[in-house]
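Notes to accompany the following structure.
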Amino acid sequence: MSGDNTSVITPQMEQEIIETAERYHKEPQNLMRILLDVQSIAYNSFPREAAVVVSRVTGLTEASLYSYISFYAMFAPVPRGQFVVRMCNSAPCHVTGASAVVEAISKTLGIKPGETTKDGRFTLEFCQCLGMCEFSPTILVNDKVYKDLTPGRAATLMEDYIRGDIT
């Protein structure tokens with residue numbers, strides 16, 4: 001995936017989204033998981049084109065989908081990197097050194113929070129509580145939690161991702 005991708009979905013992606021959205025009829029209680037799966041198909045984002053397909057397949061309105069998607073921080077309407085690095089921005093992480101950790105991550109990746117690397121591999125963003133306060137400062141890289149971080153450990157972790165030692 002390159003950093004200049006657009007939100008337009010390909011025919012193959014559309015078919016994968018249709019197959020994923022069809023699960024809703026059997027598993028309406030799993031809407032969150034279904035939408036996360038759709039997002040992983042669509043450049044780690046939830047573009048309007050994907051919402052149109054999901055709406056058509058599930059019968060949910062686009063407005064309903066976007067109210068759901070806009071409520072939860074793990075959804076994004078624009079393409080993000082292959083690796084989404086989320087830094088907890090809550091008080092416990094802040095008082096235990098989150099600022100220094102995010103600064104080390106920013107320096108290592110060459111981006112600020114809210115940005116994606118030019119190669120499209122990493123997006124750095126702040127989020128609210130990750131529910132890991134006792135282990136703060138904490139980050140989430142896609143679905144993997146890293147806790148009790150120091151600036152040095154965070155920089156080393158990002159270097160491991162950059163080299164491909166962690167996938």
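The values are calculated or read from the model by the stated rules, or taken from the named source; none is laboratory data. In this text, all values refer to a predicted model and were calculated from it rather than measured experimentally. Every residue, glycine among them, receives a Cβ derived from its backbone with ideal geometry; neighbour counts consider all protein chains shown.
Of the residues making up the stretch 76-87, one or more are more than 29 Å from Arg23 (Cα to Cα), modelled with pLDDT under 95, surrounded by 15 or more Cβ atoms within 10 Å (Cβ to Cβ) and outside the structural domain of Thr20 (by TED's automatic domain parsing). Taking (1) of a type outside the set (Ser, Thr, Tyr); (2) free of Cβ contacts under 8 Å to residues at least 12 places away in the same chain; (3) surrounded by 15 or more Cβ atoms within 10 Å (Cβ to Cβ) in turn, Leu130 satisfies each apart from (2).
For the stretch 58-73, a residue qualifies if it is free of Cβ contacts under 8 Å to residues at least 40 places away in the same chain and either closer than 24 Å to Asp143 by Cβ or assigned to a helix (DSSP H, G or I) (or both), and the qualifying residues are Thr58, Glu62, Ala63, Ser64, Leu65, Tyr66, Ser67, Tyr68, Ile69, Ser70, Phe71.
All of Thr138, Thr150, Thr167 fail the test of being at pLDDT 95 or above and out of contact with any His (no Cβ under 9 Å at 6 or more places or on another chain), apart from Thr150.
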